[in-house]
Amino acid sequence: MDGARFLLDGHVVSTGEQPCTMTVLEYLREVAHRTGTKEGCAEGDCGACTVVLGKLSTDGRRIDYRAINSCIRFLPTIDGHELVTVESLRCADGTPHPVQQAMVDEHGSQCGFCTPGFVMSLFALYLNRPQATREQVLEALSGNLCRCTGYRPIIAAGCRMHGYPAPAHWSRSAPEDAARRAALRTLKRRRPLRLPGFLAPRTLDELASAFAQEPGALLLAGGTDVGLLVTKQLRELPTILYIGAVGELHALRNSATGIEIGAAVSLTDAWDALVEAYPPLLELAQRFGSPPVRNSGTLCGNLATGSPIGDATPVLMALGAELELRRGAEVRRVPLERFYLGYQRKDLQAGEFIVSVRVPPPRADEWVGAYKLSKRFDQDISAVCAAFVVRVVDGQILSARLAFGGMAAVVARAVRTERALIGTEWSEASIVRASAHLAEDFTPLSDLRGSSAFRLEGARNLLRRFYAEHAQGGVATRTFHALAAVPSA
């Protein structure tokens, strides 16, 4: 058994019989002895473990390189990919890569523990942008923490890295490199990767059949949640069915009926499609996790987790999203708002799984807003997440869908507040009167992220903020979200 196979420094690596829950980080440090990649939090938060994964595009014309957290990514899930570590960047003659040289020249390191992770996040940006703005550097580094507070020179290095001569090794043309693309094509499997306790079906039918035969198996997508079961809770997992090799689940379609997002589509690609259709979602998309988290995690995985504070769920619920579910050969559709039956309880039968989520297309007479209250701007768990979709015609509210996360055991709509809004005029007085009904819709809990009173008042204020941004027919919204696209330093 050759285990997972991937490309590393131009060579095909076969991992052998490693445990299927071994993380990429564990493999690099303990098996490959590449200790440049560090372990900090082991939960995808600090970024010290950042590496870059390359995946051949569907048409085979380029390699898509993205930064990920290696500490929570299981080793078999990188089968068929190219793995790039900080050791990979230096040229054969010992010359540092422009990203590394910029860090040196700008003195972008203090204790140095987190530096390799910063370098890899910047390296992914280097490959994907011909020239990086300061705002793009800030966004790329939002998943990297430095306890030495050395951000200013690191940001300066990111802004400077494109100014160096292109290296012979890992230039910006690497995504189109013919030799690399050819090497990745040789890794493509004709049969599913099967390891002890792990199966990666290649087709939707194979996945449905395998899950029907073993409904107690664990479905794995990006692992940004499941990975913590191993690294933090030290749990023994049941048989893993990995959905990332199922081609049909990577489908992302935009049509007259809406946006269809497959269960294996990454959060990065899913949010890009949602923001293109609904620009007001930009700030929430940027604040959802971090680039490495969004590059591994999936939108449908976030919905399937059923967290009462999952930031994607309020947005999709307010938009009227619908899930496609499959069990064996049977397929059914369920509105997202009916999917959650209680805390961590979902309308899923044994052996049934999410195939995709469909989001309705935008309407010209609907206003959309999404907001998040948390202790940090980037990569933090919400105390309250709210999403609003309101239809206003001639100054009258014809419909309203208000969904909140962090306010109850499940993400839910504020139905009493909605009823209080519908049929009233679009005015601050109507909003204030309706917001009083939020106390009837929710009795929030108190925890470390905020008290019940804070959550209730915050929810009311977010609704008032939504009105303030749309009071002049949406002009304020466009201005606000243009500014929100520029993260603060």
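The values are calculated or read from the model by the stated rules, or taken from the named source; none is laboratory data. Since this is a predicted model, take the numbers as computed values, not measurements. Every residue, glycine as well, gets a Cβ built from its backbone with ideal geometry; the counts of neighbours run over all protein chains shown. Accessible surface is based on the protein model in full, side chains and every heavy atom, while ligands, DNA and RNA are left aside. Shrake-Rupley method; radii C 1.70, N 1.55, O 1.52, S 1.80 Å.
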Relative to the compact globular guide of 2.2 N^0.38 Å, what is the alpha carbon radius of gyration of segment 1-160, as a ratio? 1.02
Karplus-derived 3J(HN,Hα) from phi for segment 130-135 (6.51 cos²θ - 1.76 cosθ + 1.60, θ = phi - 60°), whole Hz, x at Gly and Pro, runs x, 7, 9, 7, 4, 5
Between Arg419 and Arg391, the two model label points (7 Å from Cα along the beta-carbon direction) sit apart by a distance in nm of 2.0 nm
What residues of segment 63-77 lie in the reach of a label at Asn128, counting those whose backbone N is under 17 Å from a point 7 Å from the Cα along Cα→Cβ? 63-70
The chain: Cα Rg divided by the 2.2 N^0.38 Å rule of thumb: 1.00
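How large, in percent, is the carbon and sulfur part of the accessible surface of segment 73-229 at a probe radius of 1.4 Å? Please list the in-between numbers first.
Details: 3630 of 6910 Å².
Carbon and sulfur atoms account for 53 percent of the accessible area of segment 73-229.
What's the extension gain from Asp59 to Ala168 if we count 0.36 nm per residue and subtract their Cα-Cα distance? It would help to have the intermediate numbers written out before the result.
Details: separation 109, 0.36 × 109 = 39.24 nm, distance 2.59 nm.
Length gained between Asp59 and Ala168: 36.6 nm.
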Within the chain, helix-based [θ] at 222 nm, where runs of 4 or more DSSP H residues each add -39,500 (n - 2.57), nearest 500: -8500 deg cm²/dmol
Taking the simple approach of a point 7 Å from Cα along Cα-to-Cβ for both Lys232 and Ala439, what is their distance in nm? 3.4 nm
Two-site label geometry, Val31 and Glu214: point separation in nm, points 7 Å out along Cα→Cβ: 1.9 nm
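Relative to the present Cα-Cα distance, how much length would full extension add between Ala251 and Glu87 at 0.36 nm per residue of separation? Please report the intermediate quantities before stating the final value.
Details: separation 164, 0.36 × 164 = 59.04 nm, distance 3.39 nm.
Taking 0.36 nm per residue and subtracting the Cα distance, the gain is 55.7 nm.
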Through the Karplus equation 6.51 cos²θ - 1.76 cosθ + 1.60, θ set to phi - 60°, convert the phi angles of segment 71-82 into ³J(HN,Hα) values in whole Hz; use x for Gly and Pro. 6, 10, 9, 6, 4, x, 6, 9, 4, x, 9, 9
List the residues, sorted by chain then number, that are 5 or more residues from Leu220 or on another chain and whose placed amide H is less than 5 Å from its amide H. Leu241, Tyr242, Ile243
May I ask you to list the lysines whose Cα is less than 22 Å away from that of Lys55, ignoring any residue fewer than eight positions away on the same chain? Lys188
Between Cys148 and Glu17, what length comes free when the chain is fully extended (0.36 nm per residue of separation minus the Cα-Cα distance, one decimal in nm)? 43.2 nm
Run the reach check for Lys232 against lysines, Cα to Cα strictly under 24 Å, same-chain hits fewer than 8 apart removed. What comes back? Lys38, Lys375
Taking θ as phi - 60°, what are the ³J(HN,Hα) couplings along segment 403-420 by the Karplus curve (6.51, -1.76, 1.60), each to the nearest whole Hz, with x for Gly and Pro? 10, 10, x, x, 10, 7, 5, 9, 5, 8, 7, 8, 5, 5, 5, 4, 4, 5
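Of all the stretches in the chain, which is the longest one without any exposed loop site, taking trypsin sites (Lys or Arg not before Pro) in a DSSP loop (any state but H, G, I, E, B) with at most 14 other Cβ atoms within 10 Å?
236-362
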